[in-house]
Every structure is written in structure tokens, then in C-alpha cells.
Amino acid sequence: MRHYQYFNRFAWAVLVGACGSFISTAVAAEPLSYDMPELGDAQTMTLRESVIQAFSHDPTIARMVAQVGIGQALIDEAESAWKPQIGLQSGFGGAHGRLPNEDDNYTDKTYGVTLTQLVYDFGKTHNNILQQRSIKQSYIHALQQSMGEVAGKTARTYLLIKRFGALKRAAEQGVQSLRAVDRIARVRSSSGLSSSSDHLQAQSRIASMQSQVEQFSTQRETAIAQLEVLTGVRAVSYATPPVALNEQIMQVAAIDYSGISAVKRAMAEYEAAVKVIAKNKAGYLPTLKLEAGRTRYQNKNDPYWDNQLYLNLDVPLYTGGAVSARIAQAEGAKVAAEQNINKAKFDAMSNASVAHSNYTGSRSNYAVSARQFEMAKRARGVYLDEYKLSRRSVNDLISVEQDLYQSHLALLNAEFDSWDAAVDYASAVDRLIDVLGIYTPETPEGLPDI
């Protein structure tokens with residue numbers, strides 16, 4: 001009867017614990033709601049400030065920081081294997097029967113303390129610690145890589161705002177120039193020097209140019225909305241990009257791969273794979289542990305303490321191929337990690353080469369467009385004078401205005417193409433944050449201080 005009561009209490013405790021665990025799991029599984037954070041206001045925003053704001057606003061950065069914290073916890077867990085493991089044990093119940101030359105012996109309950117200390121395991125624990133440290137380092141480099149990606153995405157969006165703003169102003173200047181032509185056409189028409197159709201043709205071209213203004217304005221507002229989402233800040237105006245972007249030295253043949261976060265991440269993963277191989281090879285070797293315990297046996301007749309001290313040597317003789325299989329897996333992971341290093345270098349070189357080529361081409365286009373723009377301005381002055389003398393038609397004047405407008409757009413697009421290529425190159429070699437003058441020293445935990 002006594003055993004039955006103990007069993008009922010134990011079963012009831014297990015049932016209550018299981019129900020509580022199920023309820024906790026069900027509550028934790030509820031989806032979390034996400035509310036769009038409120039946007040801040042700023043009078044002027046620079047590219048550097050936009051990137052810094054994006055660091056604090058992008059959830060990817062916070063997620064990677066949390067991942068680094070997980071890596072540190074894994075290191076702590078691996079290092080705990082060298083520390084003594086102390087536990088308490090207790091039990092109740094026992095055996096009822098008659099022993100030779102003794103009375104009935106009934107053990108009521110037992111309790112005590114156990115101690116286990118790892119002495120030596122031929123590198124299993126040591127290599128596991130080194131593996132977890134390499135994994136944490138790969139998480140840190142992944143965080144730096146994410147920061148570079150966020151910076152590049154923010155910089156490209158920022159340049160879109162500047163590009164469409166400049167194109168909008170160029171279109172507005174085109175509208176003003178056509179309105180000047182329209183005024184001259186109306187004066188000449190009222191004086192009988194030309195037909196009224198000149199005025200209508202000028203009005204038609206002005207309406208077409210105004211549609212261009214609205215198109216560029218819409219594209220600029222779209223880019224501003226995208227930047228607001230990235231940074232969480234709504235600005236009135238945006239400063240000119242730093243000249244350091246276009247002044248950076250581009251050397252595709254001499255890229256410093258040791259400073260690229262993607263390469264460093266792959267190298268850290270490779271080091272972790274090497275440590276896994278060493279750890280798994282140690283699985284063939286013995287493990288030496290010190291085990292101690294002190295247990296109290298409480299019974300009706302003769303309660304006593306039992307003290308134990310063992311030096312335990314665990315020698316694997318046959319594991320059914322499990323150790324060799326783990327080694328083979330680790331060898332494969334090492335080869336994959338080595339190829340990831342090569343791929344990271346290849347991607348960096350490929351992206352840098354394309355960006356360098358685009359930058360060179362855009363600078364050449366800029367020089368050509370600048371000459372065309374100057375020639376178009378001179379041609380407009382000549383055509384305007386000749387139109388006033390009735391030597392040119394209004395179509396000739398509108399045509400030269402269109403040539404001037406197109407050469408202006410080509411000049412601006414070439415300029416911003418070079419900005420985009422400079423950002424792409426800096427992102428490819430992982431120097432964009434440095435070029436923008438954003439200093440991110442490492443914290444004591446090895447994290448970039450953002």
C-alpha cells in the first residue's frame with residue numbers, strides 16, 4: 001500500500017509537469033506580431049548617416065548579433081567539459097526478503113552526491129572548444145558581411161535619390177528653356193514674323209517635357225520611400241555623396257582578400273572543419289575520468305554511508321564504423337569549406353572586375369557626354385540667334401533644345417553610373433564602410449561596435 005501511494009504521487013507529479021510543459025510550448029508557439037517602427041525626421045541626411053541608421057534599423061544585423069551570442073554560449077558549453085560535474089541523487093523503495101543469518105532488510109530511501117571530473121581525453125574536448133571558437137568567429141565575420149551588404153544596399157538607394165533628383169532638375173531646366181522659346185515664338189507670331197503654329201509646337205514639346213519631370217519626381221519619391229524603410233528616417237534633403245568614393249584606388253589585380261568578410265568567414269568555417277576532423281579522430285582513443293560519490297542508504301536495520309572513488313578509463317574497441325563515418329563526414333565538410341574560400345575569392349574578384357570595368361566605362365562616357373553637352377549649348381545659342389533672324393524654324397530650335405536636354409541627361413547618368421560603380425567596387429572588396437568613414441572598433445566580445 002505504501003509503494004502504491006508513492007507511485008501515485010510520482011505519476012501525478014509527472015502528469016502535472018508534462019501538462020505545464022505543453023502549455024508553455026503552446027504559448028511560446030504563438031506568432032509574434034510585427035509593428036512597423038515609427039519614422040524619425042531629419043533636415044539633411046548624408047550617405048554616411050544613412051548607412052549608420054540602417055545598421056541600427058535592419059533586423060538582419062540584430063539577428064546576426066544574436067547568432068554571435070549563440071556562438072559564445074556554445075564555447076561556454078564546450079569549456080564546461082573540463083569543469084567538475086556535481087550532482088545529487090536520491091531514491092526510495094527497496095527490496096524485502098530474508099538474508100542468510102540476518103533479519104529482514106528493507107531499504108527505505110537513498111540519497112547522496114556524485115562528482116565526475118574529466119582528466120584527459122586525447123584532444124576530444126580541446127578540439128571541440130577550438131571548433132566552437134572558430135564557429136563563433138565565422139558568425140562575427142558573417143555579421144560584418146551583413147553590415148557590408150546593408151551598407152551597399154543603402155548606398156545604392158541613396159544614389160537613386162540623388163540621380164532622379166538631378167534628372168528632375170535637368171528636365172525642369174528643359175521646360176524653362178522651351179518656355180523661353182515659346183515666348184519668342186508668341187512675340188514673332190504677334191508681330192507677323194511667323195505663324196501661330198510655332199507657339200503650338202512649343203507648347204506641345206513643353207507638355208512632353210513636363211511629363212518627364214513628373215516621371216523623375218515619382219521615381220525619386222519611390223527611392224526616398226525605400227531609403228526611409230532602410231533607415232527609419234525621413235529627411236528633407238540629401239547631401240552630395242562623399243568624393244572619397246570616386247577617389248578610392250581600384251586594383252583588381254591586387255585585391256586584399258584577407259580583409260574581405262566573406263573570405264574570412266569561409267576561412268573560419270574551414271578552421272572549424274579541421275578541428276572537427278581532429279576531434280573525431282580522437283574518438284579512437286581512450287577517455288580518462290575521475291568519478292567519486294557518497295551515498296546514504298537509509299533502512300530499518302542498519303543505515304550506512306557508501307563512499308566511492310574510481311579512476312575510469314573508457315577505451316573504445318569497436319564502434320561499428322561510427323567514428324570512421326564521422327571522420328569521413330568531417331573530411332567532406334573540410335573540402336566543402338575549402339571550396340567556399342575559393343568561391344568567396346572568385347566572387348570578390350568577379351564583382352570587383354565588373355565594377356571596375358563599369359567605372360572606367362562610365363568615366364569615359366562622362367567625358368564624351370560633357371563635350372556633347374558643351375557643343376549642344378553653343379549650338380542652341382547659334383540656333384536661337386538665327387531663329388530671331390528667320391533663318392531657322394521653330395522646329396530647328398526645339399530640336400536643338402532636345403539635343404541639349406538629351407546630352408544633359410547622358411552627362412548626369414554617366415556621372416551617377418560612376419558613383420554606382422564605385423559603390424559596387426567598394427562593396428566587392430568589402431571596403432565601403434571604411435570609405436564612408438564609418439569606424440567600427442571591436443568590442444571586448446569581438447563584435448564590431450555599431
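Read-outs: derived from the displayed coordinates by stated rules, not from any lab. Here the structure is a predicted model, which is why all the values come from computation and not from measurement. Cβ atoms come from the backbone with ideal geometry, glycine included; neighbour counts cover every protein chain shown.
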Item to check | lysines whose Cα lies under 26 Å from that of K124, excluding same-chain neighbours fewer than 8 positions away | outcome: K83, K136, K264, K275, K279, K281, K289, K334
Checklist entry - What nm value, rounded to one decimal, do you get for the distance between Q308 and K388 when each label is placed 7 Å out toward the C-beta? => result 11.1
Item to check | Integer Hz, Karplus 6.51/-1.76/1.60 couplings in order for segment 260-273, x for Gly and Pro | outcome: 8, 4, 5, 5, 5, 5, 5, 5, 5, 5, 5, 4, 5, 5
Next on the checklist: Calculate the FRET efficiency for N246 and N351 from the Cβ-Cβ distance with a Förster distance of 22 Å, rounded to the nearest 0.05.
Outcome noted: 0.75
Checklist entry - Whose amide H sits under 5 Å from the amide H of A235, counting only residues 5 or more places off or on another chain, with H placed in the peptide plane? => result A42
Checklist entry - Which lysines does K388 reach when only Cα atoms under 21 Å apart count, and residues fewer than 8 places away in its own chain are ignored? => result K377
Item to check | Cβ-defined net charge surrounding R326, 12 Å radius [Lys, Arg +1; Asp, Glu -1] | outcome: +2
Checklist entry - So what J values fall out for segment 414-429 if you push phi through Karplus, 6.51 cos²θ - 1.76 cosθ + 1.60 with θ = phi - 60°, rounded to Hz, Gly and Pro as x? => result 5, 5, 6, 4, 5, 4, 4, 5, 5, 5, 4, 5, 4, 5, 5, 9
Item to check | Neighbour-count order for Y310, Y139, fewest beta carbons within 10 angstrom listed first | outcome: Y310, Y139
Checklist entry - Where nothing but the Cβ of Lys and Arg (+1) and of Asp and Glu (-1) is charged, how large is the charge dipole of segment 41-344 around its Cα centre, in debye to the nearest 20? => result 1400
Checklist entry - Among F92, F373, which comes first, then next, by fewest other beta-carbon atoms within 10 Å? => result F92, F373
Item to check | Cut-off 19 Å, label 7 Å out along Cα→Cβ of E291, residues of segment 62-83 by amide N | outcome: 81-83
Checklist entry - Could you give the nm distance between label points at Q339 and A239, where each point is 7 Å from its Cα heading toward the beta carbon? => result 4.7
